[in-house]
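J.: This is the structure I want to talk about, given as structure tokens.
The values are calculated or read from the model by the stated rules, or taken from the named source; none is laboratory data. As the structure is a computational prediction, the values presented were derived from the model and not from experiment. Backbone-built Cβ (ideal geometry, glycine too); neighbour counts: all protein chains shown. Just the protein is used for accessible areas: all its heavy atoms, side chains included, with ligands, DNA and RNA removed. Shrake-Rupley method; radii C 1.70, N 1.55, O 1.52, S 1.80 Å.
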Amino acid sequence: MTSKAKPSTRKSRDAAYRSLREKIGAYSHLEEKIILQLMLTLHEKHLFSIDEIYALARKEAKDFKYDQEKGSPNVSPDQWSGNERRILRRLTLKSALEHFTTDEIEVLIMSVVKRDYIFSLENIANLTDISFGILADKVREYSAIPLGTPLPKEDVMGLRVSLLRHFISDQLEFLRVAKHHLTIRDMAPLVDTTIGSETGHGRIGGKAAGMLLGYKILTETLTEKYGDLIRIPESYYVRTDVFEDFLTLNGLMRYQHQKYKTGEEVRNEYPAIQEVFRNGQFPDYMVEQCRAMLKKVGKHPLIVRSSSLLEDNFKAAFSGKYLSVFLGNQGHLDRRLSQLLAAIGEVYASGLAPDPITYRQERNLLDYDEKIGILIQKVVGFRYRHYFLPAYAGVALSRNDYTWSSRIREEDGLVRLVMGLGTRAVDRVGDDYPRLVGLSAPTLRPETTLAAQKKYTQNFVDVVNLKTNSYEVVPLKDLWGDEELPLAEQMLSIEEDGYLQTPFANLAPKSYPSGVITFDRLLRHSPFPEVMRDILREVEAAYGCPIDIEFSHDGQHLYLLQTRPMAQRMPSETVEVPSDVPQERILFSAKEHIHNGRIDNIEYLVYCDPVAYTQVATPEMRYQLARLVGRVNNRLADKNFILMGPGRWGSSNINLGIPVQYSEINNTRALIEIAHKEGDYTPGVSFGTHFFLDLVEKGIHYLPLYPDDSEGSLNKSFFADSPNELTAMMPDCGDFSGYLKIIDTRIAGPGTALNLWMNGKTQQALAFYEHQG
């Protein structure tokens with residue numbers, strides 16, 4: 001226990017007094033403030049009141065002139081003389097030595113020092129033209145001060161906000177949350193891993209901001225429970241002012257006006273822009289900093305991610321709108337540097353792609369001076385054979401739109417879980433399926449038979465190939481080798497005697513080829529579901545709204561990759577779906593994955609027949625068909641229309657659906673996916689993908705339609721017999737009239753108006769014509 005500072009002899013008391021004076025003398029410019037702090041603390045603790053100290057000082061000072069009897073609130077007394085001030089200081093210090101321990105006095109002194117640093121740093125941070133280098137040095141100086149007792153939040157909040165604005169983001173919604181969690185000391189490691197000019201003024205952008213904020217929230221709330229289980233990857237932040245320097249250096253500022261061009265012009269010019277940006281030159285200071293960074297990280301695979309000022313915003317998430325590039329980061333340093341710079345240029349160019357520009361236009365953000373930061377991270381994972389991959393990764397949402405069972409609650413969240421890199425969890429991939437985990441009942445599956453469980457599982461793994469130095473998609477059967485794969489027993493189940501068996505111990509590599517990715521042991525016998533529930537709950541509580549995160553696991557630790565507010569469906573009134581509509585006035589009906597919604601007076605149906613799509617002659621024609629859908633989408637922008645087509649809209653596998661992009665379907669009121677039910681289970685594969693979140697955010701209703709289901713229907717004769725308005729609207733598109741139909745519902749239908757009503761509670765959806773007359 002630390003003893004009181006009061007010495008037992010006069011000699012030792014004098015020594016203690018001199019020591020305290022020397023300690024305060026080290027901060028001579030703050031001496032008066034330190035004395036005042038000691039005096040106030042003595043008063044607040046009722047140890048020695050200010051009135052008592054002043055009275056003693058007056059008694060000891062022989063030249064004190066103030067007559068208290070003649071005092072008046074309107075007449076100021078004389079100021080204390082130099083001698084009186086010296087007496088007051090001495091009395092205060094002696095009283096402090098008598099009542100406080102040396103540690104307590106040290107804390108009080110350092111609180112004054114820290115407060116002074118904060119006020120001076122805040123004054124500097126409030127200067128709009130202060131350079132990064134000067135402000136970063138001040139942050140480092142402050143962080144070198146011993147931690148001590150934290151200052152009251154009101155003393156530091158202003159500076160936190162100023163530093164957050166300078167270094168991270170100026171978005172008000174972000175600042176509202178971040179100022180309560182990200183501290184001044186949190187900025188020190190950030191400025192030490194930032195890439196940019198010392199004299200520049202830029203930020204690290206929204207994606208980096210969300211990751212740092214989410215991680216800090218979790219360290220505050222879950223460290224006691226989980227220790228250091230949750231981490232973030234080693235990260236480097238290229239500031240947004242580097243983007244401006246890049247544009248200026250290469251004469252590319254004119255491309256900032258791409259956003260004002262037509263959608264077709266943006267799409268046609270984007271490939272050339274990609275090539276120009278990929279081969280652009282970078283400022284010397286940035287090249288050298290990237291070289292130093294590569295020397296530090298060695299040949300560990302990297303991912304280059306966008307972090308624009310607008311990304312992961314509370315009002316506009318920009319999910320999946322910008323590019324991320326994986327780098328094997330193998331070979332000679334000069335080659336690795338060249339590939340890194342090319343990847344950064346390509347990510348810069350992605351801000352001028354059709355989808356982000358359309359997204360900005362919809363949200364009245366075109367005139368915002370968008371700048372792109374870059375987040376460079378070590379890829380989470382390990383080496384397995386000549387591949388690099390995490391054990392598993394995915395996306396988690398704090399609200400679950402896919403409640404296929406009464407045991408699953410929306411508020412408990414949903415996880416899309418994959419083995420390997422998480423790209424397969426957030427993108428609409430081909431004939432492959434992630435594990436969808438309702439966190440209310442993590443082991444519950446929609447599938448009930450072995451055949452269904454084997455069919456609707458993951459059959460491909462995304463990896464970084466260290467031999468080819470590139471990102472690759474590897475068939476699961478080609479991944480396996482003689483080495484042990486970390487956590488294989490938690491991800492694989494083995495087929496035996498007509499059942500999928502959950503391993504009870506580590507699996508031998510020879511068993512891997514007979515394994516099916518189920519994650520059964522991970523979900524049954526590990527804390528993973530509880531960890532994910534806790535993460536989603538804590539971050540949502542801090543943000544004050546539903547959120548989604550991206551994560552990855554290297555076999556030992558769970559890494560938080562991204563945190564953002566989750567796109568939410570606007571509340572819709574519950575509509576009673578009519579049950580007495582004659583069959584001839586029904587176009588289609590559905591009974592699965594329904595949300596509340598109502599679309600009245602649908603003017604046009606844009607329809608691609610699933611059978612006709614299989615007969616499209618070449619892959620090139622399928623991509624041309626997707627571009628045509630985009631043209632129709634723009635042509636009908638001011639009309640009430642819905643899109644209907646085969647399989648998965650926006651799929652990367654052109655055999656499973658039309659490969660449209662968001663900007664090519666963004667004007668539709670509803671997106672209908674026509675699929676044939678197989679076996680006894682139909683997967684809701686879109687839930688949680690970037691594509692699905694786009695639909696939710698825009699208010700586009702998503703509806704899977706299974707015409708072979710006994711509870712679903714599709715009026716095929718109506719679609720086959722209705723006139724096609726495609727060539728009338730677009731005379732140059734006649735070659736595609738056999739594949740794509742534009743149906744004017746006011747001409748073709750057996751009623752006055754076409755409506756689509758959906759009831760999420762009863763899981764009913766019906767597209768029907770109102771009665772004529």
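J.: Pairs of alpha-carbon atoms within less than 8 angstrom and 6+ residues apart define the contacts here; what relative contact order does segment 187-257 have, in percent?
T.: It rounds to 49 percent for segment 187-257.
J.: Right, something else. For segment 292-348, what's the relative contact order in percent, using C-alpha pairs closer than 8 Å and at least 6 residues apart?
T.: 42 percent
J.: Sort 701-712, 656-667, 243-254 by the packing proxy (mean of other Cβ within 10 Å over each peptide's residues), most packed first.
T.: Taking the mean over residues of other Cβ atoms within 10 Å, the ranking is 656-667, 701-712, 243-254.
J.: Keeping all protein chains in the complex and leaving out DNA, RNA and ligands, what accessible area do you get for ARG21 with a 1.4 Å probe, in Å² to the nearest 10?
T.: Result for ARG21: roughly 90 Å² accessible.
J.: Kyte-Doolittle cut-off -0.5, length cut-off 18 Å along the helix's own axis using Cα: show which whole DSSP H helices in the chain pass.
T.: Helices meeting the span and hydropathy rule in the chain are 31-44, 102-125, 153-167, 206-226, 284-297, 333-350, 528-543.
J.: So for SER717, SER350, what's the accessible-area order with a 1.4 Å probe, most first?
T.: Highest to lowest solvent-accessible surface, that is SER717, SER350.
J.: Given the Cα-Cα distance of ALA272 and GLU98 and 0.36 nm per residue of separation, how much length would full extension add, in nm?
T.: That works out to 54.9 nm of additional length.
J.: Using a 1.4 angstrom probe on the protein heavy atoms only, could you order ASP369, ASP600 from most to least accessible area?
T.: Solvent-accessible surface, decreasing: ASP369, ASP600.
J.: Kindly state, to the nearest 0.05, the FRET efficiency for ASP482 paired with MET157, given R0 = 45 Å and r defined as their beta-carbon distance. Don't skip to the end; give the middle numbers.
T.: Numbers: r = 57 Å, r/R0 = 1.28.
Taking R0 as 45 Å, the efficiency between ASP482 and MET157 is 0.20.
J.: Now for a different question. Among the lysines, which have Cα under 19 Å from the Cα of LYS371 when same-chain residues fewer than 8 positions away are ignored?
T.: LYS207, LYS259, LYS261, LYS315, LYS321
J.: For ASN653, enumerate residues with amide H under 5 Å from its amide H, sequence gap 5+ or separate chain, H modeled in the peptide plane.
T.: It is GLY430, by chain and number.
J.: Give the peptides 410-419, 280-289 in descending order of average Cβ contacts within 10 Å, highest first.
T.: The peptides rank, most packed first, as 410-419, 280-289.
J.: Quick check for you: which residues of segment 693-715 have the amide N under 19 Å from the point 7 Å beyond the Cα of SER579 toward its beta carbon?
T.: The answer is 710-713, whose backbone nitrogens lie closer than 19 Å to the label point.
J.: Using Cα pairs under 8 angstrom and six or more residues apart, how large is the relative contact order of the chain, in percent?
T.: Normalised by residue count, the contact order of the chain is 10 percent.
J.: Next question, about the same structure. Just to be sure I understand, if you calculate Cα extents along the principal axes in Å for this structure, which of [x] 91, 88, 66; [y] 99, 88, 45; [z] 112, 67, 56 do you get?
T.: [z]
J.: Another question, if that's okay. Between ARG185 and LEU56, what length comes free when the chain is fully extended (0.36 nm per residue of separation minus the Cα-Cα distance, one decimal in nm)?
T.: Full extension from ARG185 to LEU56 adds 42.3 nm.
J.: With r defined as the distance between the Cβ atoms of LEU127 and VAL474 and R0 fixed at 60 Å, what FRET efficiency is calculated, to the nearest 0.05?
T.: 0.70
J.: Something else now. Set the Förster radius R0 to 45 Å, insert the Cβ-Cβ distance between MET729 and GLU410 as r into 1/(1 + (r/R0)^6), and round the FRET efficiency to 0.05.
T.: That gives a FRET efficiency of 0.65.
J.: Whose amide H sits under 5 Å from the amide H of GLN458, counting only residues 5 or more places off or on another chain, with H placed in the peptide plane?
T.: The answer is TYR433, ILE517.
J.: Report, in whole Å, the centroid distance computed from the Cα atoms of segment 141-196 and segment 545-619.
T.: 41 Å
J.: Also, quick follow-up: Rounded to the nearest 5, what % of DSSP beta bridges with both residues in the chain are antiparallel?
T.: Around 80 percent antiparallel, to the nearest 5.
J.: Can you give the net charge of the other residues whose Cβ lies under 14 Å from the Cβ of GLU496, counting K and R as +1 and D and E as -1?
T.: Overall, the nearby charge balance is -2.
J.: Accessible area per residue of the chain at 1.4 Å probe, in Å²? Don't jump to the answer; show the numbers that get you there.
T.: Details: 33890 Å² over 773 residues.
Value for the chain: 44 Å² per residue.
J.: Compute the distance in nm between two label points, each set 7 Å from the Cα along the Cα-to-Cβ direction, one at LYS591 and one at LEU450.
T.: Rounded to a tenth, the inter-label distance reads 2.9 nm.
J.: In nm, give the distance between the simple-model label positions of LYS467 and THR423, each being 7 Å from the Cα along the Cα-to-Cβ direction.
T.: Simple spin-label model gives 1.9 nm for this pair.
J.: Using θ = phi - 60° and the Karplus relation 6.51 cos²θ - 1.76 cosθ + 1.60, list the HN-Hα couplings for segment 450-456 in order, rounded to whole Hz, with x at every Gly or Pro.
T.: 4, 4, 5, 5, 6, 6, 8
J.: Sort segment 344-391 into rounded, prolate or oblate with this rule: let a ≥ b ≥ c be the square roots of the eigenvalues of the Cα gyration tensor; rounded if a/c is under 1.5, and if a/c is not under 1.5, prolate when a/b is larger than b/c, oblate otherwise.
T.: Numbers: a/c = 3.47, a/b = 2.93, b/c = 1.19.
Note, shape of segment 344-391 comes out prolate.
J.: For a paramagnetic label modelled at 7 Å from the Cα of ASP600 toward its Cβ, which residues of segment 613-646 fall within the zone defined by backbone nitrogen distances under 18 Å?
T.: Only 639-642 fall inside the zone, counting backbone N under 18 Å.
J.: Using +1 at the C-beta of Lys and Arg and -1 at the C-beta of Asp and Glu, which of LEU487, ASN465, GLN501 has the Cα lying farthest in the positive direction of the dipole of segment 464-503?
T.: Checked the options; the winner is ASN465.
J.: So what is the 222 nm mean residue ellipticity for the chain from helices alone, if each DSSP H run of at least 4 adds -39500 (n - 2.57) and you divide by all residues, rounding to the nearest 500 deg cm²/dmol?
T.: -11500 deg cm²/dmol
J.: Also, I was wondering about something else. How would you rank 354-360, 537-543, 469-475, highest first, on the average number of other Cβ atoms within 10 Å across their residues?
T.: The packing order, highest mean first, is 354-360, 537-543, 469-475.
J.: Show ASP241, ASP427 ordered by accessible area, largest first, where the area counts protein heavy atoms only and the probe is 1.4 Å.
T.: Details: ASP241 10, ASP427 65 Å².
Order by accessible area, largest first: ASP427, ASP241.
J.: Here's another thing I want to ask about it. Which whole-angstrom value gives the distance between the alpha carbon centres of segment 719-773 and segment 491-509?
T.: Taking the Cα centre of each part, segment 719-773 and segment 491-509 sit 49 Å apart.
J.: Would you pull out the residues with amide H under 5 Å of TYR384's amide H, same chain only if 5 or more places away, H placed 1.01 Å from N?
T.: Residues meeting the amide H criterion: LEU389.
J.: I've got another one for you. Find out how many positive minus negative residues lie around ILE168, taking Lys and Arg as positive, Asp and Glu as negative, among other residues whose Cβ is under 14 Å from that of ILE168.
T.: That works out to +3.
J.: Next up: Find out how many positive minus negative residues lie around LEU740, taking Lys and Arg as positive, Asp and Glu as negative, among other residues whose Cβ is under 12 Å from that of LEU740.
T.: Result for the neighbourhood of LEU740: +1.
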